[in-house]
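Below is one structure, written out as structure tokens, with a few remarks after it.
The values are calculated or read from the model by the stated rules, or taken from the named source; none is laboratory data. Since the structure is predicted, the reported quantities are computational estimates derived from the model, not experimental observations. All Cβ positions, glycine included, derive from the backbone under ideal geometry; neighbour counts span all protein chains shown. Areas reflect the complete protein model, heavy atoms only, side chains present, ligands, DNA and RNA absent. Shrake-Rupley method; radii C 1.70, N 1.55, O 1.52, S 1.80 Å.
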Amino acid sequence: MKNSTLLLLCFFLSRLLLAQPTPQDSLQALLKTARDTSRVNILLELSKAYNGSDQAKAISYAKQALADSKTYNFPKGEAYALKSLGLASVNEGNYPEVIRYWEQSLAIFNKLGDKVGASNMLSNIGVIYSIQGWEAKAIEFYLKSLKKAEESGDKLRIATALLNIGAEYYNNPATLDKALAYYLRALPLSKEIGDQTTLGTLTVNIGEIYFAQGDHKKALAYYQEALKILNAAGVKDKVAYTLNNIGKVYASRGDLPMALEQHQKARQIANSVAAKLEEAQALNYIGQINLKLNHANLALSTFHQSKDIATSLGANYELKDAYAGLAQSYQKLSDYRQAYRYQSLLLGIKDTLYNAETKEKINNLEAAYQNEKKQNQIDLLTKDSQLKQASLQRQQVFRNALLAVLGLIIIIAVGLFFNIRNKVKVNRLLQHKNEEINAQKEELATQRDNLEKTYNNLVNTQDQLVQSEKMASLGQLTAGVAHEINNPINFVSAGIESLRANFTDIMEVAKGYFQLKPGNDNTQQLQQLEKLKAELEVEELIEESEQLFSSVKNGATRTKEIVKSLKNFTRLDEDNLKKANLHEGLDSTLVILNNQLKNRIKIVRNYGDLQEVNCYPGQLNQVFMNILNNAAQAIPGEGTIAIKTYSDDDYAVIKIRDNGVGMSEEVKKHIFEPFFTTKDVGEGTGLGLSISYGIIEKHKGKIEVESRPGEGTEFTIRIPLQFTPASQNLKLETVS
């Protein structure tokens, strides 16, 4: 779903960015003779024409349009030039720069009273915030865009705002009903506007919500309606995408032949218009159905075709599905060598996707820092503007006083003395006020510099503390695992040495028997060997060796279990969203922490009937590690940690309770705050529970704590049983 959503977003961008482009050569010929504002319009058309194919030229033409607009005092052209600069920067992923251009464009549109342009910019800014994962900020801008559009009566902008708001609510399984409500409001407007592509896409979105809610009948009805619309519009790649969705409905019903037919149609259409991504997706669906039908050879051929297409596109999500299908196909065909090869490639592509997501998070954090810094600058400029306004108001008062004095002089000369005296008083007062204002401005400038320095220091310190927390956790984990593995390895090492000594003595006797030859009188040799057996106690050595073999085997088995638990805990092969058994994660974490728990803390497991949960397993294991480690540290001597799991409505519930020292209400208020800790200096940074809170929030779950001093602490974690973070289609407008 994630890849198809990104594809639809890219389709909207390319369609709107390149809407009705004039050929570049013709535009450049017109540019040679154009003057004034017409030159600005041609430069904007050139920027639009090159956007998506040559970003350097697109940015260059937009900057020329901006400069000429300022020269010709053409504010509307300036607004659209800033808009074009933002659009060109979108393709480069420079989101802070995009927002800066569009905020300037928005300010000009507002000044001109152009509500359509302002609505357009507000909607586009919302899309950028959405791309970066800031859902609340995106919805805030979409709602502002909707208000402007309703004031202007522009149905296209109203429909776009409703579509984008619905897409944000779709991201959260708890707000699917809200997403559906906004889509249904946008649907009649899209029909009225007559934009068939938008209408078809919106209809597909509604179908996807019903599919996510389990109403496959309604989902199929909307998919089929979308298919008619998109076929009529001739948007073949979207037709292929919709057919794949219809195939998924039939597959969920168990009608595999019908599902296969839909995916094959999708593949044929995608191939006819070179829609490679949709073709790769269709091939992966076809391969999975063939596997279910036990047609392993057909599945193998299909997955190979998908692999080749995904490789050429650099489409890692489709490539991941192709590798998984190839590994399953070769396994069914008993070609375990090839199955292992593609399983290894699958692990590699998962690692690539994990690194890409990590890089994206880092970029988002950097963008957040830049935006916050910019907001501080805006606040300071606003205060400065207010001071200037106050100064202007005082100057106006002064001018009015002078006019009043002149009027009084003309009307009555008798009041001259009193007016002059009042004038002197007013001047003194104004001078005093001006001195106060100048002092305040200097103080504000100093405070601004100090705040910026303090903020930079805080960011650097935060980065250092986060790294310190990571290294401390890594050291603790390494030490614990090393200690746990050391004991069974010692059993193995000691057992082998003893076996070597026993084997030497046994072999000494055995060699004597090997030298005996049939037909000879071996009586004397046998007597000597029997004496040697008695001296070396061979029978006892054999019995002792059997026990040593058992000890070595137990040590190796224990080592294997520890390594398996460590692998389950880190989940290095499961960095993506997938089904996981939470009980396995808890047990693996307890094995890793065994060095801190054994001989001191009793673990009481009360596991309920808990189905597998859609989640990021490695991250949840980090949460379990932080909470269980804190529980162990909160018990000064011997104690108990009780773990209880069960299902409650649509959530998996994990309760972890200890009988440690507990905490006060004041401490409990701050435990999820970054850097808050009750430990001594050097024992912790206070980031463990803050990080855990963020992980649970990312899963759309909840984490709560109950505690009293002297009575222990209980953490309650709720994880949605059906967690789907995939985003929906977002429409980025460029229509003027």
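Here is how the numbers come out for the structure above:
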| item | result |
| --- | --- |
| His432 accessible area, assembled protein chains, probe 1.4 Å, Å² | 90 Å² |
| Chymotrypsin sites (Phe, Trp or Tyr not before Pro) restricted to DSSP loop in segment 606-662 with at most 14 other C-beta within 10 Å | Tyr607 |
| Estimated dipole of segment 34-73 in Debye, rounded to 20 [Cβ of Lys and Arg +1, of Asp and Glu -1, Cα centre] | 60 debye |
| Of all accessible heavy-atom area on segment 76-140, the percent that carbon and sulfur account for (1.4 Å) | 49 percent |
| Arg600-Arg500 pseudo-label distance in nm [points 7 Å out on the Cα-to-Cβ vector] | 3.6 nm |
| Segment 67-115 versus segment 574-650: alpha-carbon centroid distance in Å | 52 Å |
| Dipole magnitude (debye, nearest 20) for segment 43-104, charges at Cβ of Lys, Arg, Asp, Glu | 100 debye |
| Cross-link pairs Lys248/Lys320; Lys137/Lys698; Lys155/Lys700; Lys265/Lys307; Lys644/Lys668; Lys598/Lys655 - those with Cα-Cα distance over 25 Å | Lys155/Lys700 |
| Label point at Leu143 placed 7 Å out along Cα→Cβ; residues across segment 111-136 whose backbone nitrogen lies under 14 Å | 135-136 |
| Which of Ile269, Ile496 is most accessible, then next, and so on - probe 1.4 Å | Ile496, Ile269 |
| Solvent-accessible ranking of Ser493, Ser312, largest area first, probe 1.4 Å | Ser312, Ser493 |
| Semi-axis lengths (Å, descending) of the ellipsoid that matches the C-alpha gyration tensor of segment 118-201 | 19, 16, 10 |
| Segment Lys441-Lys111, length gained on full extension (0.36 nm per residue, minus Cα span) | 116.0 nm |
| Heavy-atom accessible surface of segment 292-341: percent carbon and sulfur, 1.4 Å | 48 percent |
| For segment 151-278, convex hull volume per residue from C-alpha positions, Å³ | 104 Å³ |
